[in-house]
Amino acid sequence: VLAERRFGVELYAAARVALDAGPDEREAAENDLTRQLRGVQLDPADPDSAAVIAASRRLALSRQVHTDLVRDARSARSRPLVRVLRMGRGRQWPRYFDIDDPTLVVPADVPAA
(Lines give C-alpha, C1' and ligand atoms only; values in the text may rest on other atoms or scores of the structure.)
Protein backbone atom coordinates (compact mmCIF):
# COMPACT_ATOMS: atom_id res chain seq x y z
CA VAL A 1 0.00 0.00 0.00
CA LEU A 2 2.81 2.39 0.90
CA ALA A 3 4.66 1.70 -2.34
CA GLU A 4 1.54 2.12 -4.40
CA ARG A 5 0.54 5.44 -2.80
CA ARG A 6 3.80 7.28 -2.29
CA PHE A 7 6.74 5.70 -4.03
CA GLY A 8 7.56 4.66 -7.55
CA VAL A 9 6.99 1.63 -9.64
CA GLU A 10 10.25 -0.05 -8.56
CA LEU A 11 9.25 -0.32 -4.90
CA TYR A 12 5.75 -1.47 -5.82
CA ALA A 13 7.18 -4.11 -8.18
CA ALA A 14 9.60 -5.35 -5.50
CA ALA A 15 6.74 -5.58 -2.98
CA ARG A 16 4.55 -7.43 -5.45
CA VAL A 17 7.34 -9.91 -6.29
CA ALA A 18 7.96 -10.53 -2.57
CA LEU A 19 4.26 -11.19 -1.96
CA ASP A 20 3.97 -13.56 -4.92
CA ALA A 21 7.29 -15.37 -4.44
CA GLY A 22 7.34 -19.10 -4.02
CA PRO A 23 9.30 -20.83 -1.25
CA ASP A 24 12.47 -21.14 -3.34
CA GLU A 25 12.40 -17.48 -4.43
CA ARG A 26 11.32 -15.91 -1.16
CA GLU A 27 14.76 -15.07 0.29
CA ALA A 28 15.94 -13.23 -2.81
CA ALA A 29 12.63 -11.39 -3.26
CA GLU A 30 12.52 -10.21 0.36
CA ASN A 31 16.16 -9.13 0.25
CA ASP A 32 15.40 -7.06 -2.85
CA LEU A 33 12.39 -5.47 -1.15
CA THR A 34 14.50 -4.63 1.92
CA ARG A 35 17.11 -2.93 -0.27
CA GLN A 36 14.39 -0.97 -2.06
CA LEU A 37 12.87 0.15 1.26
CA ARG A 38 16.24 1.33 2.54
CA GLY A 39 16.49 3.61 -0.49
CA VAL A 40 13.33 5.60 0.29
CA GLN A 41 12.76 8.27 2.92
CA LEU A 42 10.21 6.96 5.42
CA ASP A 43 8.42 9.52 7.58
CA PRO A 44 7.43 8.07 10.98
CA ALA A 45 4.64 10.67 11.25
CA ASP A 46 2.90 9.04 8.27
CA PRO A 47 0.78 6.07 9.46
CA ASP A 48 1.71 3.91 6.44
CA SER A 49 5.43 4.56 6.93
CA ALA A 50 5.15 3.99 10.67
CA ALA A 51 3.50 0.62 10.00
CA VAL A 52 6.35 -0.40 7.67
CA ILE A 53 8.98 0.67 10.23
CA ALA A 54 7.20 -1.27 13.00
CA ALA A 55 6.88 -4.33 10.74
CA SER A 56 10.61 -4.20 9.98
CA ARG A 57 11.37 -4.28 13.70
CA ARG A 58 9.04 -7.24 14.25
CA LEU A 59 10.63 -9.02 11.31
CA ALA A 60 14.10 -8.50 12.74
CA LEU A 61 12.97 -10.01 16.04
CA SER A 62 11.29 -12.93 14.25
CA ARG A 63 14.42 -13.59 12.22
CA GLN A 64 16.52 -13.71 15.40
CA VAL A 65 14.11 -16.12 17.12
CA HIS A 66 14.02 -18.36 14.03
CA THR A 67 17.82 -18.36 13.78
CA ASP A 68 18.13 -19.30 17.46
CA LEU A 69 15.60 -22.13 17.11
CA VAL A 70 17.29 -23.54 14.00
CA ARG A 71 20.68 -23.43 15.75
CA ASP A 72 19.25 -25.24 18.80
CA ALA A 73 17.46 -27.85 16.68
CA ARG A 74 20.61 -28.56 14.67
CA SER A 75 22.60 -28.85 17.88
CA ALA A 76 20.08 -31.28 19.37
CA ARG A 77 20.09 -33.45 16.23
CA SER A 78 23.87 -33.66 16.37
CA ARG A 79 23.94 -35.13 19.87
CA PRO A 80 25.17 -38.73 20.10
CA LEU A 81 22.02 -40.19 21.70
CA VAL A 82 19.78 -38.61 19.06
CA ARG A 83 22.03 -39.94 16.30
CA VAL A 84 22.29 -43.43 17.83
CA LEU A 85 18.52 -43.72 18.24
CA ARG A 86 18.08 -42.20 14.76
CA MET A 87 15.42 -39.82 16.05
CA GLY A 88 15.88 -37.41 13.16
CA ARG A 89 15.61 -40.11 10.52
CA GLY A 90 13.52 -39.11 7.54
CA ARG A 91 13.29 -35.48 8.57
CA GLN A 92 14.90 -32.56 6.80
CA TRP A 93 17.44 -30.53 8.69
CA PRO A 94 16.09 -27.15 9.84
CA ARG A 95 17.15 -24.38 7.46
CA TYR A 96 18.22 -20.86 8.18
CA PHE A 97 16.30 -18.09 6.44
CA ASP A 98 19.11 -15.87 5.25
CA ILE A 99 17.88 -12.31 4.79
CA ASP A 100 19.41 -8.88 5.10
CA ASP A 101 18.83 -7.10 8.38
CA PRO A 102 15.29 -5.84 7.84
CA THR A 103 15.34 -3.10 10.48
CA LEU A 104 14.63 0.25 8.87
CA VAL A 105 16.27 3.22 10.55
CA VAL A 106 14.48 6.52 10.97
CA PRO A 107 16.70 9.44 9.85
CA ALA A 108 18.16 11.48 12.73
CA ASP A 109 16.52 14.74 11.60
CA VAL A 110 13.00 13.22 11.72
CA PRO A 111 11.53 12.76 15.21
CA ALA A 112 10.30 9.25 15.92
CA ALA A 113 6.60 8.77 16.63
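Out of all the residues in region 22-69, which are touching a helix residue (DSSP H, G or I) at 6+ places or on another chain (Cβ under 6 Å) and farther than 16 Å from LEU104 by Cβ?
Hit for region 22-69 is ALA29, nothing else.
Among the residues of region 45-72, write down those that are farther than 15 Å from ALA3 by Cβ and β-branched (Val, Ile, Thr).
Matches in region 45-72: VAL65, THR67, VAL70.
With respect to the numbered conditions (1) open to solvent by less than 50 Å² (accessible area, probe 1.4 Å); (2) touching a residue at least 60 places away in the same chain (Cβ under 8 Å), which one is the sole condition not fulfilled by ALA29?
It fails just one condition, (2).
Would region 10-33 turn up any residue that is basic (Lys, Arg) and under 13 Å from ILE99 (Cα atoms)?
Yes, region 10-33 contains a residue that is basic (Lys, Arg) and under 13 Å from ILE99 (Cα atoms).
With respect to VAL65, determine if the residue is modelled with pLDDT of 85 or more and exposed (fewer than 14 other Cβ atoms within 10 Å of the Cβ).
Yes; evaluated as a whole, the condition is true for this residue.
Hey, could you check region 91-113 for residues that are at pLDDT 75 or above and open to solvent by 80 Å² or more (accessible area, probe 1.4 Å) and say which is farthest from PRO47 (Cα to Cα)?
Applying the filter and picking the extreme gives ARG91.
Please go through region 34-46 and give me each residue that is at pLDDT below 85, farther than 18 Å from ILE99 by Cα and open to solvent by less than 100 Å² (accessible area, probe 1.4 Å), ordered by number.
Matches in region 34-46: VAL40, LEU42, ASP43, PRO44, ASP46.
The values are calculated or read from the model by the stated rules, or taken from the named source; none is laboratory data. Since we're looking at a predicted model, the values are computed, not measured. In this analysis, Cβ positions are derived from the backbone assuming ideal geometry, glycine residues included, and neighbour counts consider all displayed protein chains. Heavy atoms of the whole protein, side chains included, go into the accessibility calculation; ligands, DNA and RNA do not. Shrake-Rupley method; radii C 1.70, N 1.55, O 1.52, S 1.80 Å.
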